[in-house]
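Quick notes on the structure that follows.
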Amino acid sequence: LLDDVDDDDDDDDTVAADDTFLVRGIADRLDFEGKVLRIVDYKTGKAPCFKYSREVNERIANEAFWQLKIYALMLRENGRFPDVRYLKLLYLGEETPGD
């Protein structure tokens, strides 16, 4: 916990390795094929437009997948689902004309 960090040393702002934090979330959909797990997250908005530079498009995609990556990590580290191979964002929003 950040409250446990020793503030006397200004050069070291790290948190001790034994500190923990709580992460909560609800996965929209989990599909199982044998021991392989697929995680699907539904989004109510429109899918992002990848019309920018490669770097900007990668940042947009990484930000959108952040939640799914956390879910996959938690399930893998839990030990019950070591083989998470499929992460998908499914956008439910309407597309505008010309998209």
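Here region 1-35 is the region considered, the condition is being modelled with pLDDT under 90, hydrophobic (A, V, I, L, M, F, W, C) and under 18 Å from the mean Cα position of the chain (by Cα), and the residue that is least open to solvent (accessible area, probe 1.4 Å) is Ala27.
For region 60-82, the set of residues classified as surrounded by 11 or more Cβ atoms within 10 Å (Cβ to Cβ) and not in a helix (DSSP H, G or I) consists of Phe81, Pro82, listed by residue number. One residue stands out in region 83-92 among those that are of a type in the set (A, V, I, L, M, F, W, C) and over 9 Å from Arg38 (Cα atoms): the one that is least open to solvent (accessible area, probe 1.4 Å), namely Leu89.
For Lys46, are the conditions met, namely being open to solvent by 60 Å² or more (accessible area, probe 1.4 Å) and over 13 Å from the mean Cα position of the chain (by Cα)? In short, yes.
Filtered by the rule that a residue be open to solvent by 80 Å² or more (accessible area, probe 1.4 Å), part of a loop (DSSP other than H, G, I, E, B) and not aromatic (Phe, Trp, Tyr), region 49-59 gives a lone residue, Lys51.
The values are calculated or read from the model by the stated rules, or taken from the named source; none is laboratory data. It should be emphasised that the depicted structure is a prediction, and the values quoted were computed from it without experimental measurement. For neighbour counting, all protein chains shown are included, and Cβ atoms are generated from backbone atoms with ideal geometry for every residue, glycine included. Note: accessible area is taken over every heavy atom of the protein model, side chains too, but ligands, DNA and RNA are not part of it. Shrake-Rupley method; radii C 1.70, N 1.55, O 1.52, S 1.80 Å.
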